[in-house]
Amino acid sequence: MSRLPPLKILPLLALFYCLLLSGSAFAAAHVQPITVTLPESLLREAIASVVPIQIDPHVHSMRGEIEVKNISNLQISKGRIACRMQLEGRHLGVSTNVGGHILNLNIGSLSVDVNTDSALRFDAQKQILYIRPTVKSSSATQGQADSLISMFNGNELPIALQKLQPLVSQAGNKMLIINGRITDIVAEQDRLVLKLLPTISTRKVR
């Protein structure tokens, strides 16, 4: 399973909302999850700041370098994210098992655009967002770039989210520490929704 680099913008935005809402959360007898709404337009800016994204091809019996060069035409609906991705592969090769013999096929370099419709799954324990894209169409002719496209079609691609940094504030001789943990990420119409669970503790300052 390929691993994408952390999508840094989501935890940073989540922490920003924690700062805004931490006062009411602290006052509540039982801390309630905080809902953070990221509109489509903001996600477009976030994606533009992290591409190109490197993909590790080795777990798919491929070798070489693979990048998602660009992501455009982003559309978010309930439970789904549709977009157009520009994929680029360099020095590509694929290994196949035929009758117990390993055959190495050199593919070379290629570039292809794919239109995808992706489902989301969030693993709260591992803090990983899984995206499973289905390729609807591509710019490749029949047989061209099949191996590269097959890496994305129906396979879960994990995005490891960075741990949120705690908010620390001093009041008198006590230090207030607020940690936020993402408990769920869901796609809704025209927006992505994050649910955060804040935990609050105090420590005496010497």
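The values are calculated or read from the model by the stated rules, or taken from the named source; none is laboratory data. Just so we're clear, the structure is a prediction, and the values are computed from it rather than from any experiment. When we count neighbours, we look across all protein chains shown, and the Cβ atoms used for this are built from the backbone with ideal geometry, even at glycine.
Yes or no, residue by residue, for (1) surrounded by 15 or more Cβ atoms within 10 Å (Cβ to Cβ); (2) under 14 Å from the mean Cα position of the chain (by Cα):
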{"residue": "Met62", "(1), (2)": "yes, no"}
{"residue": "Arg84", "(1), (2)": "yes, no"}
{"residue": "Gly89", "(1), (2)": "yes, no"}
{"residue": "Asn104", "(1), (2)": "no, no"}
{"residue": "Ile107", "(1), (2)": "yes, no"}
{"residue": "Ser111", "(1), (2)": "yes, no"}
{"residue": "Pro133", "(1), (2)": "yes, yes"}
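Every listed requirement among (1) assigned to a strand (DSSP E or B); (2) at pLDDT below 85 is met by Gln165 save one, (1).
Restricting attention to strands (runs of 3 or more DSSP E) lying wholly within the range 39-105, give those where 2 or more residues are small (Gly, Ala, Ser) and modelled with pLDDT under 85.
So the answer is 80-98.
The set of residues in the range 113-130 that are more than 11 Å from Met85 (Cβ to Cβ) and either in contact with a Pro (Cβ under 8 Å, 6 or more places away or on another chain) or part of a strand (DSSP E or B) (or both) comprises Asp117, Ala119, Leu120, Arg121, Phe122, Asp123, Ile128, Leu129, Tyr130. Among the residues examined, Asp117 does not qualify as under 23 Å from Ser95 (Cα atoms) and out of contact with any Leu (no Cβ under 9 Å at 6 or more places or on another chain).
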